[in-house]
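Accompanying notes for the structure given below.
The values are calculated or read from the model by the stated rules, or taken from the named source; none is laboratory data. None of these values were measured; they are calculated from a predicted model. Reconstructed Cβ throughout: ideal geometry from the backbone, glycine too, with neighbour counts over all protein chains shown. The area values use the complete protein model at the heavy-atom level, side chains included, leaving out ligands, DNA and RNA. Shrake-Rupley method; radii C 1.70, N 1.55, O 1.52, S 1.80 Å.
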Amino acid sequence: MLMRAIQIVTTRLSSCLRPIRFEFVSSSSSPRLLSNPRRLVCTAAATKSDGGRSGSIVAPLVENEEEVQKIDVNPPKGTRDFAPEDMQVDYPVLETEALFIRKAGEEIRDQLYCFEDRGNRRVALRPELTPSLARLVIQKGKSVSLPLKWFAIGQCWRYERMTRGRRREHYQWNMDIIGVPHVTAEAELISAIVTFFKRIGITASDVGFKVSSRKVLQEMLRKYGVPENLFGRVCVIIDKIEKIPIDEIKKELGSTGISEDAIEQLLQVLSVKSLDDLEDVLGGAGEAIADLKQLFSLAEKFGYSEWIQFDASVVRGLAYYTGIVFEGFDRKGNLRAICGGGRYDRLLPTYGGDDIPACGFGFGDAVIVELLKEKNLLPELGQEVENIVCALEKDLQGAAATVATALRSKGQTVDLVLESKPLKWVFKRAARINARRLILVGKTEWEDGSVSVKVLSSGEQFQVKLNDLE
């Protein structure tokens, strides 16, 4: 139900945000189970993940040329990509395992559903959509014009500890803007989420966005001489601030080699909740302050300033984020993060692609469904069928099929009663599927080339020639 609502919103936005479709098709190289079933799922202690892009996966930073190795930009053998110009929204299922391990580091193995196919290729059910997007963008190269504005809604799988709003399978809505280096892109992405919230009845008093910038943490680490190659690891630890005791945070930060004094100063800065206070610490000349001020200014122009607030502790766990980061949260504090995203200018270069700026978000269905249930806003989307067609005698089943075909050829939905059933059953069935009309095929009427039509909302009944049935 929620996915249907998301599809309605994203379809209305599709004039500027283009959908991607990927599909897995059968081939001679079909997946097989391994002799050791434990290898099917790379199981270890599951780590934290949220309603958007995971908050616990570590990706490698691109420090030098030697660390960049190009990925195979083609989908796995026997599968195919559908770019926006080819097909409307649908999603990938199977990808090369290396696509996720390369981006996320070894820790992703703890959550991947991975296995070896009959061609001895390592493949995985995708835990998220962004790597597939990056692969397709690299594959398309200069054949597409920038900026790209694409969205996708796909099913994802992660082997992790299940709690409220966290499952091992979920649907995720992604929106990404590729090729825009300015904060205007992040501002538009947040606007899209706010538009969705408004259309499903969620208000700024229910949900907010915590906003910060990775550059805040970078400036602090640089100030205390922390090596750049520790940045991703530190981000993962900081992302746990609201999930584990502060002493554990300090212990984990200390294990990276950061001094106790630096840890105390870092945690003090991360507790800042206003841009003015942050500016007092960092000064006003840095990129972090400038980006954040621009975002808050744009929020006023877009009309969602009441939805967002600064929170220096928001870093997001994915190490490829490079600038503005944000996450949607339940203001009552009962639920985990609803969605999250930010700028990830280093992702495509990490895969061996061109140095192209990018940003996006992930929005899982599990947490928002919990919130909608809590607020009694989850829509009831019952069946809606225009016609139910029923033969009044067994030997008229073929005639009823003819009527059903005639209506379907005119674009109408039809539920054809396939067995001999009493009228009482047919009327109950019509009510259950919310049918608009009941079409009865009787012997006398059919001999005249007609059928009986009953409009179920009004009770009006009349006969009409089959050729005139609309």
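Does Gly353 satisfy the condition of being assigned to a loop (DSSP other than H, G, I, E, B) and free of Cβ contacts under 8 Å to residues at least 24 places away in the same chain?
So Gly353 does not fit the description; no.
Where residues in the range 140-164 are more than 22 Å from Thr195 (Cα to Cα) and buried (at least 17 other Cβ atoms within 10 Å of the Cβ), which of them is modelled with the lowest pLDDT?
Glu160
Tell me, which helices (runs of 4 or more DSSP H) wholly within the range 243-307 include 2 or more residues that are hydroxyl-bearing (Ser, Thr, Tyr) and open to solvent by 30 Å² or more (accessible area, probe 1.4 Å)?
none
Looking for something in a helix (DSSP H, G or I), touching a residue at least 12 places away in the same chain (Cβ under 8 Å), open to solvent by less than 30 Å² (accessible area, probe 1.4 Å) and of a type in the set (A, V, I, L, M) - is there at least one such residue anywhere in the range 381-398?
Taking every residue of the range 381-398 in turn, at least one turns out to be in a helix (DSSP H, G or I), touching a residue at least 12 places away in the same chain (Cβ under 8 Å), open to solvent by less than 30 Å² (accessible area, probe 1.4 Å) and of a type in the set (A, V, I, L, M).
If only one of Gly333, Gly360, Gly341, Gly284 is free of Cβ contacts under 8 Å to residues at least 24 places away in the same chain and under 23 Å from the mean Cα position of the chain (by Cα), which one is it?
Exactly one of Gly333, Gly360, Gly341, Gly284 is free of Cβ contacts under 8 Å to residues at least 24 places away in the same chain and under 23 Å from the mean Cα position of the chain (by Cα), namely Gly333.
How many residues does the range 198-226 contain that are part of a helix (DSSP H, G or I) and closer than 14 Å to Leu295 by Cβ?
Number satisfying all stated conditions: 3.
Go through the residues of the range 184-206 one by one and say whether even a single one is in contact with a strand residue (DSSP E or B) (Cβ under 8 Å, 6 or more places away or on another chain), more than 20 Å from Thr130 (Cα to Cα) and open to solvent by 10 Å² or more (accessible area, probe 1.4 Å).
yes
Any residue in the range 456-470 that is hydroxyl-bearing (Ser, Thr, Tyr) sitting within a Cβ distance under 7 Å of a residue that is exposed (fewer than 13 other Cβ atoms within 10 Å of the Cβ) and not in a loop (DSSP other than H, G, I, E, B)? List the pairs, counting only those 6 or more apart or interchain.
The qualifying pairs do not exist here.
Which residue is most open to solvent (accessible area, probe 1.4 Å), if the candidates are limited to the range 165-178 and must be charged (D, E, K, R) and in contact (Cβ under 8 Å) with a residue 12 or more places away in the chain?
If we take residues in the range 165-178 being charged (D, E, K, R) and in contact (Cβ under 8 Å) with a residue 12 or more places away in the chain, then Arg167 is most open to solvent (accessible area, probe 1.4 Å).
Can you find a residue that is surrounded by fewer than 17 Cβ atoms within 10 Å (Cβ to Cβ), among the aliphatic types (A, V, I, L, M) and touching a helix residue (DSSP H, G or I) at 6+ places or on another chain (Cβ under 9 Å) anywhere in the range 225-239?
yes
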